[in-house]
Amino acid sequence: MVGVSEMNTGRGSGPSAEQLRYARILDYAMRAGLAVLVASFAVYVAGVLPAQVPFEALPRLWVLPAGEYLRESGMPTGWAWLAMLDRGDVLLFSGVAILAGASLPCLFALVPAYAARKDWAYLGITFALIGVLLLAASGVFGSP
Amino acid sequence: MNNNKPEFILGLACCAGAVVAASCPSLALAAGGPDPAAAWWVWPLAVFFVCFVLGMIAVPAGIGGGVLFVPIVSGFFPFHLDFVRGTGLLVALASALAAGPGLLRSGLADLRLGLPLTLLASAAAIVGALVGLALPVAIVETALGVTILCIAALMWRAKKSAYPGVARPDALGAALRMSGIYHDHAFARDIGWQAQRTPLGLLLFTGIGVLAGVFGLGAGWANVPVLNLVMGVPLKLSAGTSGFILSIVDSAAAWVYINKGALLAVIAVPSVIGMMLGAFIGARLLRVMKTSVIRNLVIAILLLAGVRALTKGLGWWA
């Protein structure tokens, strides 16, 4: 074990201010995502909205590879689901998207802190990470 | 009997989960063969119960749920592997997001340590997801079986070091100031730490990201040993920072699966809810159960699931 007195970490005890801000935003985003996920699932199973894929067709479709499933079901790819939110099963994607995108606002919140401190290495890492997540979320890789 | 009550309850829950999983095919067949239109709800309900049990085990075992979810559900449920992997990532992501804020606030996850590792692992996870979705299922299933068996062996053999001594940080770790102090509540004292072998750690996290993307596994099983044994980070901080890393890496890979349509919400949502409810119970069991019992149980489950995935991939047990 390395004792505190034996090393100079250059950092105080306890999480940094930007880490606490990151945690606070992540908490909000996670709660929002879960709430939307559960609420939209309740809407879906209660049949409040019509489903793009009828319940009884599911066992025939979920054994197929994703590409074939999309062709058979007419489900959207990429961000096309945003135009089909009147479908119960498509509405479920809203909660999934909030959860999958929860880290992005947290990372954006780090930018001012690192910029103010002139911590160029971590500013660059944060921008690169934002870029990677935006690229993944963009649907560039969305053609099945 | 009283002393063994938590183990008894968990054993009972595992048996119930196994019975539910094992009885699903017979229920489906009884409902009219392999395409039982009337029984569509049986499978989401079964996956909910199985995930509930997995969630109970995952927390005390110190692993994410994804590593148990993917081999078990792909081995014993009718869903195509594409949907199982997409759901596995979402399950691991939801667990990491639920734990993330608390770990960051308490200082048991370190942003400065995690960000550089997360960057490479996230980019690699996207590549892994694309490769995994492009490969034939039999190859992915076989590789998954081998990987799961290796994870079981790793869990069996791997040592842990609560407070690894790092005499000097490496140049890159020092330049990135990957060091700090966290408060260990168990011992009521501040613990100083600093990272070593940062370039090797970055390389290993790149490989971990690829595996997470290819197989849809949360990668806590690999993150913690690399942080702890390779980079010399204290065990508690390794486990906490691993959760933070997963919350970003799994989302990068999950986006690829979502955009490619490899996510079936009717499977994913019950899985996430079941796993989180189970984890809620598991966090309480953690206080009263012997971790060695849980660890052995997880290794046994991984061996079973690994053999199943391997034999399924090789076409020996369809």
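The residues of the range B:203-248 listed by number as losing at least 40 Å² of accessible area in the complex, against the isolated chain and with a 1.4 Å probe, are B:Ile248.
Charge dipole (Cα centre; +1 on Lys/Arg Cβ, -1 on Asp/Glu Cβ; no other charges) of the protein assembly as shown amounts to roughly 1100 debye.
Give me the percent relative contact order of chain A, please, defined on Cα pairs under 8 angstrom at least 6 residues apart.
Numbers: 116 pairs, mean separation 46.0, N = 144.
Over chain A, the number comes to 32 percent.
Each of B:Ala222, B:Ser247, B:Val298 was scored by the projection of its Cα onto the charge dipole of the range B:182-306, and the greatest displacement toward the positive side belongs to B:Val298; charges sit on the C-beta of Lys, Arg, Asp and Glu.
Using a probe radius of 1.4 Å on heavy atoms only, what accessible surface per residue do you get for the range A:16-138? Whole Å² is fine. Present the calculation step by step, with values, prior to reporting the outcome.
Values: 5150 Å² over 123 residues.
Accessible area per residue: 42 Å².
Between the listed residues A:Val132, A:Leu110, A:Tyr44, the Cα displaced farthest toward the positive end of the dipole of the range A:16-138, a dipole computed from Cβ unit charges relative to the Cα centre, is found at A:Leu110. What does a probe at A:Val48 reach in the range A:66-102, counting residues whose amide N is under 19 Å from the point 7 Å along Cα→Cβ? Once the point is set 7 Å along Cα→Cβ of A:Val48, A:82-99 turn out to lie under 19 Å by backbone N, inside the range A:66-102.
With 40 Å² as the minimum drop in accessible area between chain alone and full protein complex (1.4 Å probe), the qualifying residues in the range A:119-141 are A:Tyr122, A:Ile125, A:Leu129, A:Val132, A:Leu133, A:Ala136, A:Phe141. Label positions at B:Ser106 and B:Ala153, each projected 7 Å from the Cα along the C-beta direction, are separated by 3.4 nm.
Inter-label distance, A:Lys118 to A:Arg71: 6.0 nm, where each label sits 7 Å from its Cα along the C-beta direction. How much accessible area is lost when chains A and B come together, counting both sides, with a 1.4 Å probe, in Å² rounded to the nearest 100? That pair hides around 6200 Å² of surface in total.
Take the solvent-accessible surface of the protein heavy atoms, probe 1.4 Å, and return the percent of it on the protein assembly as shown that carbon and sulfur atoms account for. Spell out each step's value before the answer.
On the way: 12330 of 17930 Å².
Exposed carbon and sulfur together represent 69 percent of the surface.
3J(HN,Hα) along the range A:63-71: 8, 8, x, 3, x, 5, 4, 5, 5 Hz, from the Karplus curve 6.51 cos²θ - 1.76 cosθ + 1.60 with θ = phi - 60°, whole Hz, x for Gly and Pro.
Just want to confirm a number: the relative contact order over the range B:171-234, from Cα pairs under 8 angstrom separated by 6+ residues, in percent.
It comes to 31 percent, rounded to a whole number.
Given only helices, namely DSSP H runs of n ≥ 4 each adding -39500 (n - 2.57), what is the per-residue ellipticity at 222 nm of the protein assembly as shown, to the nearest 500 deg cm²/dmol? Helix-only estimate at 222 nm: -23000 deg cm²/dmol.
The mean number of Cβ atoms from other chains found within 10 Å of a Cβ in peptide B:174-186 is 3, as a whole number. Note that the range B:146-236 presents 44 Å² accessible area per residue, ligands and nucleic acids not counted, probe 1.4 Å. Listed values for the range B:108-119 are Karplus-derived 3J(HN,Hα) couplings in whole Hz (6.51 cos²θ - 1.76 cosθ + 1.60, θ = phi - 60°), namely 7, 10, 10, 4, 5, 6, x, 4, x, 5, 5, 4, and x replaces Gly and Pro. Place a point 7 Å from Cα of B:Leu200 in the direction of its Cβ. Which residues in the range B:81-125 have their backbone N less than 18 Å from it? Only B:117 pass the distance filter. Around the amide H of A:Met75, modelled in the peptide plane, lies no amide H under 5 Å away from a residue 5 or more places distant or on another chain. Here the 3J(HN,Hα) profile of the range B:137-151, calculated from phi with Karplus coefficients 6.51, -1.76 and 1.60 at θ = phi - 60°, is 4, 4, 5, 5, 5, 5, 5, 5, x, 4, 4, 5, 5, 5, 5 Hz, Gly and Pro shown as x. Counting Cβ atoms of other protein chains within 10 Å of each residue's Cβ and taking the mean over peptide A:62-72 gives 6.
The values are calculated or read from the model by the stated rules, or taken from the named source; none is laboratory data. This structure is a prediction, so every number in the text was calculated from the model and none was measured. Positions of Cβ are generated from backbone atoms using ideal geometry, with glycine treated the same way; all protein chains shown enter the neighbour counts. Ligands, DNA and RNA are stripped out before the accessible areas are found, and what is left, the full protein with its side chains, is counted by its heavy atoms. Shrake-Rupley method; radii C 1.70, N 1.55, O 1.52, S 1.80 Å.
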